[in-house]
Amino acid sequence: MRLKHLATFLRLPNPPAPSRCIFWPGNFIMQSSLECKKRLHVAMIMDGNGRWATARGLPRTAGHHAGVAALQRVCEAAPALGVTTLSLFAFSSDNWRRPRGEVSALMALLRRYLRTEIARLVETGTRLTVIGRRDRLPDGLASEIAAAEGRTASGEALHLRVALDYSARDAVLRAVTACEPGVELTRETLGRLISGEHDAEHRDVDLLIRSGGEKRLSDFLLWECAYAELFFSDRMWPDFGAEDLAAAVNDFRKRERRFGGVGNARAFPPRVPSTPAHLFPTAFNLEQPLLHHPYDINSGSVTGEDLGLKTRSAPCSVASPGRYSSR
Ligand code: FPP
């Protein structure tokens with residue numbers, strides 16, 4: 001009897017759908033469905049505070065105030081959605097260029113957040129850490145951060161990483177220059193140095209969300225986002241809520257991450273009987289050397305002409321562009 005039928009027979013809830021992770025030859029694990037991933041690292045670029053405030057005839061700082069409430073809503077919703085690490089871009093190293101009043105207001109907000117939220121963070125099992133430079137922060141803020149990190153260190157429900165005076169390029173630069181001469185740099189060691197995280201789970205970003213309608217990375221977690229899925233929302237950050245986070249996570253879970261390989265559906269493409277195998281060297285015959293690039297990037301199809309074949313005039317679609325696929 002199948003597990004599902006046994007569950008029905010015993011009046012038990014249906015067992016969860018089996019995860020569809022497949023193991024790829026050569027020690028390569030392909031995450032074909034995001035159902036597999038239970039503990040997500042989501043990064044957020046919280047954009048749109050200023051525009052939100054301006055549209056309401058308010059000073060920009062009012063947008064940042066409202067942005068803190070959005071941040072709280074998102075933190076509250078995250079664990080139930082399987083988000084166990086949340087990296088938030090609160091202040092970039094380029095944000096020092098903003099008017100002095102706005103910078104001071106942001107720093108004051110952060111200080112207030114640390115003071116007023118600490119009890120809630122402890123209570124909800126939220127571990128807070130801050131990434132970025134601390135030596136340029138206003139007096140006393142760095143030690144308040146260290147105290148908050150200490151008090152929340154045992155939180156396990158959510159790891160909240162707040163990026164402050166943060167630049168991804170500077171993080172890479174610092175990591176490389178801090179490296180001892182003669183020490184071999186690997187992706188693992190460099191990744192650890194860049195992110196400051198020992199645990200890979202907190203390093204690689206699964207999903208990057210940017211609110212506010214812009215579509216750029218703004219020097220946020222560039223190394224860690226190497227294979228992140230990107231989600232851009234038109235919602236201004238102060239209006240962002242649990243349902244927006246849920247929509248982004250649900251969208252992410254429908255995507256297929258191929259990490260440069262071919263996906264589950266493309267792994268064993270149907271054989272097209274009339275198509276000689278040598279036309280599909282990457283899909284059918286890995287030994288076949290590629291003499292020239294048969295993939296027409298404009299149409300996504302390969303034609304007989306492209307391949308120097310006189311016999312075939314109609315284009316035949318490429319089931320898998322294989323190693324030519326854009327990553
Ligand atoms: C970008 O919006 C937002 C920021 C630079 C600051 C984000 C800060 C918060 C949400 C609150 C403080 C955070 C903590 C952790 C307490 P923008 O001002 O660039 O918006 P705009 O593009 O509409 O001008």
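The values are calculated or read from the model by the stated rules, or taken from the named source; none is laboratory data. Keep in mind it's a predicted model, so treat the numbers as computed, not measured. Positions of Cβ are backbone-derived with ideal geometry, glycine not excepted, and every protein chain shown enters the neighbour counts.
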(request) Would you mention how many residues in the range 87-104 are within 24 Å of Leu222 (Cβ to Cβ), surrounded by 13 or more Cβ atoms within 10 Å (Cβ to Cβ) and within 11 Å of the ligand (Cβ to nearest atom)? (result) 8
(request) Could you give me the residue pairs with C-beta distances under 6 Å whose first residue belongs to the range 57-85 and is free of Cβ contacts under 8 Å to residues at least 24 places away in the same chain, whose second residue is within 15 Å of the ligand (Cβ to nearest atom) wherever it lies, and which are 6+ apart or on separate chains? (result) Ala62/Ala53
(request) Considering each of Ser167, Ser154, Ser195 in turn, give the residue that is within 30 Å of Ser104 (Cβ to Cβ) and more than 16 Å from the ligand (Cβ to nearest atom). (result) Ser195
(message) Please pick out the residue among Ala246, Ala228, Ala265 that is of a type outside the set (D, E, K, R), over 30 Å from Arg174 (Cα atoms) and modelled with pLDDT of 95 or more.
(response) Ala246
(request) Take the range 48-64 and flag every residue that is of a type outside the set (A, V, I, L, M, F, W, C) and either near the ligand (Cβ under 8 Å from one of its atoms) or not in a helix (DSSP H, G or I) (or both). (result) Gly48, Asn49, Gly50, Arg51, Thr54, Arg56, Gly57, Pro59, Arg60, Gly63, His64
(message) Please pick out the residue among Leu222, Leu217 that is within 16 Å of the ligand (Cβ to nearest atom), at pLDDT 95 or above and aliphatic (A, V, I, L, M).
(response) Leu217
(message) Looking at Ser211 and the list (1) among the hydroxyl-bearing types (Ser, Thr, Tyr); (2) touching a residue at least 24 places away in the same chain (Cβ under 8 Å); (3) more than 16 Å from the ligand (Cβ to nearest atom), which single condition is not satisfied?
(response) (3)
(request) Please work out which one of (1) out of contact with any Phe, Trp or Tyr (no Cβ under 7 Å at 6 or more places or on another chain); (2) more than 7 Å from the ligand (Cβ to nearest atom); (3) touching a residue at least 60 places away in the same chain (Cβ under 8 Å) is the condition Ile45 fails and give its number. (result) (1)
(request) Name the one entry in Val83, Val74 that is among the aliphatic types (A, V, I, L, M), within 11 Å of the ligand (Cβ to nearest atom) and under 22 Å from Phe220 (Cβ atoms). (result) Val74
